Each structure stands twice: as structure tokens, then as C-alpha cells.
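These notes are about the structure you will find just below.
The values are calculated or read from the model by the stated rules, or taken from the named source; none is laboratory data. The model shown is predicted, which means the values in this text are computed figures rather than measured ones. As a convention, Cβ positions derive from the backbone with ideal geometry for all residues, glycine included, and neighbour counts pool all protein chains shown. To get the accessible areas, we keep the full protein, side chains included, count just its heavy atoms, and leave off ligands, DNA and RNA. Shrake-Rupley method; radii C 1.70, N 1.55, O 1.52, S 1.80 Å.
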Amino acid sequence: MAKFLTQDQINEYKECFSLYDRQRRGRIEGGDLITVMRCLGSSPTPAEVRRHLLTHSDGAGDLDFSSLLSVMHRQQQQEAPQREILEALRRSEGGRKGFMEVSLLRGRLTGQGERLTHREVDELLQEAGLGSDGQLHCEQFAEAVTRNAAKR
């Protein structure tokens, strides 16, 4: 699995794995998998984590580092954050063919789901850039958000 990941990714995964390998036996507990994956930038659902554990854990429900690499690789293949963001924006933009009013986006981001603060929304909008007409181009926004999230 290491051939599909960069050396920087492997190093980052190893560092996080070591933090959760509390007994220093080269294994993490299955119950820590969702936390480890989220620390490493993935967004698995509990059902996805259960499926990964069924496939990759040992009889005690633990995972070694090689198994974590396989899990992370599979999860990365499944997740497409840019596409997911773009789909959500398109459902919300009300037929404006790829554009959205900033006020509408701000209302959705501060009032629904995992709510952002107005400051956080301002930062996202600054990163993404706005058109001179106050409209947000959905594809550019999704690209900017995922690009900047990858840098963090």
C-alpha cells in the first residue's frame, strides 16, 4: 500500500499512529481508528470505520501500521471532497447555473449542519475569491476550499 502514498503521507501517518499506539506494541485499538483517520484529514462515517475494521483488523479488533496504510488509501479513494462540496453547492444554488449569492452561502454555512462562525465564512470567501457582482462561482469555491484544506 505504501507505493500509493507519498513519503510525507507515510511519515504523517506513522507519527499519528505512534500517538495512539499507547502500549508500544505496533498496534492501535479499533476504537481509536475513527479518531486517527480524522486526525489525518479523512472524514469517515462510523459505518465506513466498521467496514474497515471488519476487513483489516486482527481478531482482537486492533490494527497494525500496514493495515492503517491500507485503510487510509481506501478511504482516500472513496472521498472526493471537491466533488461533494460542488454537489452540495449546486443543490443549494437554485438553478443559477454554477453561481450562488454570497448571502445565501453565508446563511447555509452559519445556520445548518456543522455551523461555521461568520469569521470562518469570511476566511473561506477570501480564499475562494468573489466575482465583482457578489456572486460566488461554485466550482472555484469548491476548488479553493479543498486546495486550502489540503495545505493545512
Open item on the list: Is it the case, given these coordinates, that Ser66 is closer than 30 Å to Glu15 by Cβ, in a helix (DSSP H, G or I), open to solvent by less than 60 Å² (accessible area, probe 1.4 Å) and touching a residue at least 40 places away in the same chain (Cβ under 8 Å)?
Closed with: no
- [ ] Filter the stretch 44-57 down to the residues that are surrounded by 12 or more Cβ atoms within 10 Å (Cβ to Cβ) and assigned to a loop (DSSP other than H, G, I, E, B), then identify the one that is modelled with the lowest pLDDT.
- [x] Ser57
TODO: Inspect the stretch 106-124 for any residue being small (Gly, Ala, Ser) and under 18 Å from the mean Cα position of the chain (by Cα) and give the result as yes or no.
DONE: yes
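In the stretch 10-27, which residues are open to solvent by less than 40 Å² (accessible area, probe 1.4 Å) and within 14 Å of Ser70 (Cα to Cα)? If you could, list the steps in order and put the result at the bottom.
Taking the stretch 10-27 as the starting set, the residues that turn out to be open to solvent by less than 40 Å² (accessible area, probe 1.4 Å) are 10, 13, 16-17, 21, 26.
Within the stretch 10-27, Ile10, Tyr13, Phe17 qualify.
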- [ ] Check off (1) touching a strand residue (DSSP E or B) at 6+ places or on another chain (Cβ under 9 Å); (2) of a type outside the set (D, E, K, R); (3) part of a helix (DSSP H, G or I) for Met100 and give me the number that stays unchecked.
- [x] (3)
Task: Search result, residues across the stretch 117-136 that are open to solvent by 60 Å² or more (accessible area, probe 1.4 Å), modelled with pLDDT of 80 or more and of a type outside the set (Ser, Thr, Tyr) - done: His118, Arg119, Glu120, Asp122, Glu123, Gln126
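Return the residue satisfying two criteria in turn: it lies in the stretch 87-116 and is among the hydrophobic types (A, V, I, L, M, F, W, C) and open to solvent by 30 Å² or more (accessible area, probe 1.4 Å), and of such residues it is farthest from Ile34 (Cα to Cα). Before the answer, list the steps.
Filtering the stretch 87-116 down to residues among the hydrophobic types (A, V, I, L, M, F, W, C) leaves 88-89, 99-100, 102, 104-105, 109, 116.
Next, from what is left, pick out any that are open to solvent by 30 Å² or more (accessible area, probe 1.4 Å): 88, 99, 104, 109, 116.
Working: Ala88: 24, Phe99: 35, Leu104: 32, Leu109: 24, Leu116: 22 Å.
The qualifying residue farthest from Ile34 (Cα to Cα) is Phe99.
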